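Each reported figure results from applying straightforward, stated rules to the coordinates on display, with no laboratory input. What you see is a predicted model; the values in this text were computed from it and never measured. Cβ sites come from the backbone with ideal geometry, for glycine too, and all protein chains shown count toward neighbours.
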Amino acid sequence: MKYTVLYDRLKRLSGKFVEFGGFYMPVQFSDGILAEHKAVRESAGIFDVSHMGEFVLEGKDVEKDIAYLFSNDFSDIPDFKVRYTLMLNERGGVVDDLLVYRAAEKKYYVVVNASNIDKDRAWIEAHIKFGSRLKDVSEDTAMIAVQGPKAESIAGEIFGVLPKGFYTFLFAKLGSVPVTISRTGYTGEDGFEIYSSNAAAGDIFDAALAAGKKYGAVLAGLGARDTLRLESAMPLYGHEMNEDTLASEIGLDRFIKMQKHDFIGKDALASKKPEYTRIGLRVVGKGIARENCAVFSGDDEIGRVTSGTMSPSLGYPIAMARVKNDARLINLSVDVRGRRLAVETTAMPFYKKTKQ
Amino acid sequence: MKFSKTHEWITVEGKTATVGVTDYAAAQMGDIVFVELPDVGAKLTIGKSFANVESVKAVSEIFSPVSGRVTEVNAELSDAPELINKDAFSAYLVRVELDAVEDGLLERDEYEASKESF
């Protein structure tokens, strides 16, 4: 089991720890998931997400390798922009979903899921065709997320300068320590993800907690991160997708640029007809439709719940489900421990942040 | 009040037992958002699951420290499951007409001393 560099601090701050993606991570702190979730929607939450993996990919033909490795199109990405993409296998399944940062021509950062760090590194190394070099800097990279409507004020107080556009980033300093500030997140709110060396992470974390105090920011764990991303209908690797999920079946087509370039998995996607789709559900009565619950249309089983929870912001249970794309989405129910819970389809994202 | 090793509490008055979950169990589960209770008239058996308590993260089975017939369920929990987090010893789950009580239930001090090891 691995620990992030902030473990001792988080333990002292009464984090309740669970295993996640090979790391020992706080699922919540003393106020609980609902309070942490609410704080992120209304003010801000501070998360340790140092378990995420970071690679540097560079080389004189790195743009060609990126085009081949990833399903999204990066041919027109400007410096200091971030783009979400899938990385597919030859069968059109999903090796991982990840963020690509363009630092400069011929130099990119790749941010991957914690549980997939070793797999992704091996995959990319095995599929580099144009001589690019991959460096896995996960072990010495910390990442702190400040998320919520007050994130800009909090991060602004700490760093002075911030990236202006969503999905952009910049290099800054805290004292003499270099940091990378990215305007990204996994909560559906405005927010920042701050990358640094492990050695600098404690100071950044302390500064964020101190600056956040007067804005009502709280320390938040992976439990709130999960309910926040689910309300925003953001997929989570291992739940909405995995290596056996055809990438055209998960509602992420806008990150798959079939017309733009050749990439691993494209031929499979071109030849296989998608049979499933991702839909949003809400439970009509009481009860929670959790992952793996069977979904029914009348008496026909049409798929499975991939993620489900009580939505703290909406006050009713929500779920994402993988269902046959020719299923009639009427008279829907979900099997929960042998009991049928009535559900209905609902638009995703389930929750949209209020305009500032 | 007595306690089970699976973190239920029980009080007995005459032939009626009242059963709930302990504050420790509630804290471990985290924010409780849904409680699935048996119907009035249902038969409970010592050691068998009779209710499900769902927190944001997970669902927990609740095991019965008594055998007998359910005479009353706490209907308040349907709209306010968080009462268990607020005051676990008031927010009972069910009342039961007793046939039998589990052997070896713990006194409060015994439970408090060893609850983290169960």
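Relative contact order of the stretch B:2-101: 33 percent, from C-alpha pairs under 8 Å at least 6 residues apart in sequence.
Have a look at A:56, B:94, A:246 and report the one farthest towards the positive end of the charge dipole of the protein assembly as shown, computed about the Cα centre with Cβ charges (Lys/Arg +1, Asp/Glu -1). It is A:56.
Based on Cα contacts under 8 Å between residues 6+ apart, chain A shows a relative contact order of 19 percent. All C-alpha to C-alpha distances of chain A, sorted into 20 Å bins beginning at zero, yield P(r) values of 29, 58, 12, 0 percent in whole numbers.
Can you work out the FRET efficiency for the pair residue B:97 and residue A:106, with r the C-beta to C-beta distance and R0 = 51 Å, to the nearest 0.05? Intermediate values should be presented prior to the final figure.
Details: r = 77 Å, r/R0 = 1.52.
Result of the calculation: an efficiency of 0.10.
Can you check what the net charge comes to around residue A:305, using other residues whose Cβ is under 9 Å from the Cβ of residue A:305 (Lys, Arg +1; Asp, Glu -1)?
Values: positive: A:290, A:304, A:322; negative: A:291.
That works out to +2.
Only lysines eight or more places from residue A:60 in sequence, or on another chain, were considered; those with a Cα closer than 16 Å are A:106, A:107, A:129, A:135. Once backbone amide H atoms are built at 1.01 Å from N, residue A:218 has A:44, A:45, A:46 as its partners under 5 Å, excluding neighbours fewer than 5 places away on the same chain.
Assuming 0.36 nm per residue, please report the length gained on full extension of the stretch residue A:75 to residue A:270 beyond their Cα-Cα distance.
On the way: separation 195, 0.36 × 195 = 70.20 nm, distance 2.10 nm.
Taking residue A:75 through residue A:270 to full extension adds about 68.1 nm, to one decimal.
Enter the mean number of other protein chain beta carbons within 10 Å of the beta carbon of each residue in B:24-33, as an integer. The partial results should precede the final answer.
Working: counts 0, 0, 0, 3, 1, 0, 7, 12, 3, 10.
Shielding by partners across B:24-33 averages 4.
Applying 1/(1 + (r/R0)^6) with R0 = 60 Å to the Cβ-Cβ distance of residue A:140 and residue B:15, what FRET efficiency is obtained, to the nearest 0.05? Could the numbers behind the result be given before it?
On the way: r = 66 Å, r/R0 = 1.10.
Plugging the Cβ-Cβ distance into 1/(1 + (r/R0)^6) gives 0.35.
The charge dipole of the stretch B:1-95, taken about its Cα centre with unit charges on the Cβ of Lys, Arg, Asp and Glu (plus for the first two, minus for the last two), comes to roughly 500 debye. Couplings 3J(HN,Hα) of the stretch B:106-113, computed from phi: 9, 6, 4, 5, 5, 5, 4, 6 Hz, in residue order, whole Hz [Karplus 6.51 cos²θ - 1.76 cosθ + 1.60, θ = phi - 60°; x for Gly and Pro]. For the stretch A:301-356, the relative contact order comes to 25 percent (Cα pairs under 8 Å, sequence separation of at least 6).
To the nearest 0.05, what FRET efficiency results for residue A:329 and residue A:90 with a Förster distance of 45 Å applied to their C-beta separation? Spell out each step's value before the answer.
Details: r = 32 Å, r/R0 = 0.71.
Between residue A:329 and residue A:90 the formula returns 0.90.
In the stretch A:275-345, with Lys and Arg counted as +1 and Asp and Glu as -1 at Cβ, which of these residues, A:294, A:317, A:334, has the Cα nearest the positive end of the dipole, that is, farthest along it? With unit charges placed on the Cβ atoms, the residue in question is A:317.
Projecting label points 7 angstrom from Cα along Cα→Cβ for residue B:43 and residue A:176 puts them 7.8 nm apart.
Residues whose amide H falls under 5 Å from that of residue A:88, counting only those 5 or more places apart or on a different chain, are A:71, A:95, with hydrogens built in the peptide plane.
Note on the stretch B:2-101: Rg/Rh from Cα positions, Kirkwood definition for Rh, rounded to two decimals, is 0.93.
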